[in-house]
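One structure is given below, encoded as structure tokens.
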Amino acid sequence: MQQPERAAQAESRFALQLLAVCGFLLIIWTIKWCELWFDTRFAHWGVVPRTLTGLRGVLTMPLLHGDFQHLMANSSAFLILGLLLLHFHGRRGVQHFAALWLLSGSMVWLLARQVTHIGLSGVIYGISAFLFFDGMRRRNRAGSGVALITALLFGGSVWGMLPGQPGISWEGHLFGAISGLLLALRQPKPEPPPAEKRAPPEDDNWLWNE
């Protein structure tokens, strides 16, 4: 395949990935604008741990946000992490996203405080942890690069997993990160790079057999 053709395919893939990420962001922004437009709140659709009605929040929690500041912070983080996930994992990135969504929400429902939990933060922490640990396991240039980028951009967010911050679902952050770690550990073990064949010494060529 010629270089211009490869470049065109790469640009097309990136455009589709960007469209998918922005499409999801459009959904959660539309939900927030509907709250403002109709003067209502959808927070009761969040996760309320260990209640039957709160179980539906496993599906809806990442779509809901407390205010526009909360939404903007999550949107900027998801724009970067979502693109990284789709770029380096392709179609499987969508499956990973769905798994992190369901697993982090389920853990919140089972183990968190019995208050209403909303926001995309748990999934964001899950993607961040998954990219970091999966990248470290791969032990190649691309994987190490993703792990380094994730650590540099989002390493400081580890403090969000600690309790004591009012109005923040630290459990959602924590269980999201745990979900990302578990998902990374469940990935197939990367194959070691092929060993380079050592060239025979010049004076001993006759000793070497192909």
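Using the crude model of +1 on Lys and Arg Cβ and -1 on Asp and Glu Cβ, and no other charge, please compute the dipole size for the chain relative to its Cα centre, in debye to 20.
That gives the chain a dipole magnitude of about 620 debye.
Report the full-extension gain for the segment Ser76 to Thr60: residue separation times 0.36 nm, less the Cα-Cα distance, to one decimal in nm. Working shown, then result.
Values: separation 16, 0.36 × 16 = 5.76 nm, distance 1.98 nm.
That pair, Ser76 and Thr60, stretches by 3.8 nm at full extension.
Helix 3-37 sits at what angle to the longest principal axis of the chain, using alpha carbons and giving 0 to 90 degrees rounded to 10?
10 degrees
Where the only charges are on Cβ atoms (+1 Lys, Arg; -1 Asp, Glu), what is the dipole of the stretch 1-81 about its Cα centre, to the nearest 20 debye? Can you show the working numbers first?
Values: 6 positive and 5 negative charges, 56 e Å.
That gives the stretch 1-81 a dipole magnitude of about 260 debye.
Stokes-Einstein at 25 °C, 0.890 mPa s, Kirkwood radius from Cα pairs: D for the chain in µm² s⁻¹?
Values: Rh = 19.0 Å.
For these conditions, the coefficient is 129 µm²/s.
Putting +1 on Lys and Arg Cβ atoms and -1 on Asp and Glu Cβ atoms, find which of Phe14, Ser76, Gln114 reaches farthest to the positive end of the dipole of the chain.
Gln114
What order, most packed first, do the peptides 153-162, 116-125 have when packing is the mean number of other Cβ atoms within 10 Å of each residue? Present the calculation step by step, with values, prior to reporting the outcome.
Numbers: 153-162: 14.4, 116-125: 26.1.
My ranking of the peptides, most packed first, is 116-125, 153-162.
If you average the C-alpha positions of the stretch 108-184 and of the stretch 52-74 separately, how far apart do those two centres end up, in angstrom?
Result: 16 Å between the Cα centres.
Between Gly164, Gly105, Gly172, which gets the highest mean-square fluctuation from a Gaussian network model of the chain, Cα cutoff 10 Å?
Per the Cα network of the chain with a 10 Å cutoff, Gly164 tops the list.
So what is the calculated 222 nm ellipticity per residue for the chain, using -39500 (n - 2.57) for each DSSP H run with n of 4 or more, over all residues, to the nearest 500 deg cm²/dmol?
On the way: 6 runs with 131 residues, N = 210.
The per-residue figure over the chain is -21500 deg cm²/dmol.
Work from the charge dipole of the stretch 3-190 (Cβ charges, +1 for Lys and Arg, -1 for Asp and Glu, about the Cα centre) and give the residue of Phe88, Trp33, Trp45 farthest towards its positive end.
Phe88
Using θ = phi - 60° and the Karplus curve 6.51 cos²θ - 1.76 cosθ + 1.60, what whole-Hz ³J(HN,Hα) does each residue of the stretch 135-142 get, with Gly and Pro shown as x?
For the stretch 135-142, the Karplus curve yields x, 5, 5, 5, 6, 10, 5, 5 Hz.
With θ set to phi - 60°, apply the Karplus curve 6.51 cos²θ - 1.76 cosθ + 1.60 along the stretch 165-171 and write out the HN-Hα couplings as whole Hz, x wherever there is a Gly or Pro.
9, x, x, 10, 7, 5, 5
Where in the stretch 14-46 does the label zone of Thr53 land, with the point 7 angstrom along Cα→C-beta and an amide N cut-off under 13 Å?
Once the point is set 7 Å along Cα→Cβ of Thr53, 43-46 turn out to lie under 13 Å by backbone N, inside the stretch 14-46.
Could you pull out the chymotrypsin sites (Phe, Trp or Tyr not before Pro) across the stretch 23-64 that fall in loop regions by DSSP (anything but H, G, I, E, B) with no more than 12 other Cβ atoms inside 10 Å?
On the way: sites: Phe24, Trp29, Trp33, Trp37, Phe38, Phe42, Trp45; in loops: Phe38, Phe42.
Passing sites in the stretch 23-64 are Phe38.
What relative contact order, as a whole-number percentage, does the chain give when Cα pairs under 8 Å and 6 or more residues apart are counted?
Averaging sequence separation for qualifying contacts and normalising by length gives 20 percent for the chain.
Can you give me the long-range amide H partners of Leu64? Hydrogens built in the peptide plane at 1.01 Å from N, cutoff under 5 Å, separation of 5 or more residues or another chain.
Residues meeting the amide H criterion: Gly119.
With r defined as the distance between the Cβ atoms of Leu111 and Arg6 and R0 fixed at 35 Å, what FRET efficiency is calculated, to the nearest 0.05? Walk me through the numbers on the way to the answer.
Details: r = 47 Å, r/R0 = 1.33.
According to the calculation, E is roughly 0.15.
For Lys32, what charge total do you get from the other residues with a beta carbon under 11 Å from its beta carbon, if Lys and Arg give +1 and Asp and Glu give -1? Can you show the working numbers first?
Values: positive: Arg41; negative: Glu35, Asp67.
Charge balance near Lys32 sits at -1.
Read-outs: derived from the displayed coordinates by stated rules, not from any lab. From a predicted model like this one, the values you see are computed outputs, not experimental measurements. Virtual Cβ from ideal backbone geometry, glycine too; neighbours counted across all protein chains shown.
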